[in-house]
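Working notes for the structure below.
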Amino acid sequence: MKGIQHRTVKVNGINMHIAEKGQGPVILFLHGFPELWYSWRHQITALASLGYRAVAPDLRGFGDTDAPPDVTSYTCFHVIGDLVGLIDTVAPNDEKVFVVGHDWGAFMAWLLCLFRPDRVKALVNLSVVFNPFGSINNVIEALRAYYGDNYYMCRFQEPGEIEAEFAQIGTETVIKEFLTFRTPGPIILPKGKGFGHPPDAPMALPSWLSEEDVKYFTAKFDKKGFTGGINYYRNINLNQELLAPWAGSRLQIPTKFIIGDLDLVYHMPGVKEYIHKGGFKRDVPLLEEVVIMEGVGHFINQEKGDEISKHIYDFFNKF
């Protein structure tokens, strides 16, 4: 992680930790769950060496960024407020920035582009497609009906419940379970049974994830806990209500989208059809490229670090 600088900036009433490296046009990297700025370690180094200034925050509730106590402090508007404040800090003269998002970071990146197209030059999003909002009022109940009560997003809803289970399983095991999950189907967490096998069962790490990487994530989540990150899921239905005024909106930012064919999101109901049968291009008219990476799971920016860095560079280099 040589040469990566760390600092804390004040944005939207919270202290946000950012990692940054390089000089040049700003690329803002937005992580998902259960992740940190560290998820972008490969891209930060690569893009900084190619003439960009890579900026990767810990989003609110994660890592060394503040975690407000109220569940409702984690709506999309809070997070986008943080990001606009961050852009004002790192690109203060009304400059546009490039944005890269993954998982929850991708969801927030779509909204950032929708709400503030004046601040974004182009977007590369990973794993999570644009959601045209407004079609389902109660997303959690729809997921419950489809996948059952033990579907992870449903299990995340009751404050404190899943945190207690994760505490029993142990932070390191939870991190390993999520990051090494490669089943194209849903994550199911039966009550009191963790991830469905004994917590002390040995887990082989893939070549792209080292024990050192796991230790970094574990140390930060040990200190912060999982609640901040899980609170994003607890606002899914509220976000849907708040986003109702934008139902049917078109996103007018040049975009490239990348997903692995083993990504659980790719196999969620309707996602493949949305990507391949015109819905995605309808809602994101400036969608220039969709890349489906074969044999790749959800944590695509870590699993295929070099390839993702190249995809990002090749796309942003056009602007």
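The values are calculated or read from the model by the stated rules, or taken from the named source; none is laboratory data. Bear in mind that the values here come from a model prediction, so they are computed numbers and not experimental data. Every residue, glycine as well, gets a Cβ built from its backbone with ideal geometry; the counts of neighbours run over all protein chains shown. In case anyone asks, the SASA skips ligands and DNA or RNA and just uses the protein heavy atoms, side chains included. Shrake-Rupley method; radii C 1.70, N 1.55, O 1.52, S 1.80 Å.
Overview of results
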quantity: Alpha-carbon radius of gyration plus Dmax, which is the widest Cα pair, for region 230-319 in Å; calculated: 15.0, 39
quantity: Net charge, Pro190 excluded, C-beta distance under 11 Å - Lys, Arg +1, Asp, Glu -1; calculated: +1
quantity: Under 10 Å, Cβ to Cβ, from His298 - net charge with Lys/Arg +1 and Asp/Glu -1; calculated: -2
quantity: Kirkwood-Stokes translational diffusion coefficient of the chain, alpha-carbon pairs, 10 °C, 1.306 mPa s, µm²/s; calculated: 80
quantity: Summed side-chain charge close to Leu28 - residues other than Leu28 whose Cβ falls under 11 Å, Lys, Arg +1, Asp, Glu -1; calculated: +3
quantity: Filtered trypsin sites (Lys or Arg not before Pro), region 194-280: DSSP coil and at most 16 other beta carbons within 10 Å; calculated: Arg250, Lys277
quantity: Accessible area in square angstrom per residue, the chain, 1.4 angstrom probe; calculated: 40
quantity: 5 angstrom amide H check on Val291, placed H, neighbours 5+ away; calculated: Phe257, Ile258, Ile259
quantity: Percentage relative contact order, region 1-148, counting C-alpha pairs under 8 Å, at least six apart; calculated: 23
quantity: Per-residue ³J(HN,Hα) for region 259-272, Karplus 6.51 cos²θ - 1.76 cosθ + 1.60, θ = phi - 60°, Hz, x for Gly and Pro; calculated: 8, x, 6, 9, 5, 4, 5, 4, 9, 6, x, x, 5, 4
quantity: Candidates Thr173, Thr218, Thr89: whichever shows maximal mean-square fluctuation once the chain is modelled as a Gaussian network with Cα springs under 10 Å; calculated: Thr89
quantity: Selected from Leu59, Leu143, Leu36 as most flexible by GNM, with the chain as the system and alpha-carbon contacts under 10 Å; calculated: Leu143
quantity: For the chain, calculated [θ]222 nm from helices alone, where every DSSP H run of n ≥ 4 adds -39500 (n - 2.57); calculated: -10500 deg cm²/dmol
quantity: Value in Å of the Kirkwood radius, where region 56-103 supplies the Cα pairs that are averaged; calculated: 11.9
quantity: Choice from Asp283, Asp64, Asp94 showing the highest fluctuation, given a GNM over the chain with Cα pairs closer than 10 Å; calculated: Asp94
quantity: Accessible surface of the chain, 1.4 Å probe, proportion on carbon and sulfur as whole %; calculated: 52
quantity: Val26 long-range amide H proximity, modeled H, under 5 Å; calculated: Arg53, Phe98
quantity: Rg(Cα)/(2.2 N^0.38 Å) for region 216-258, N = residue count; calculated: 1.76
quantity: Mean Cα-pair separation over length for the chain, i.e. relative contact order, pairs under 8 Å, 6 or more apart, %; calculated: 21
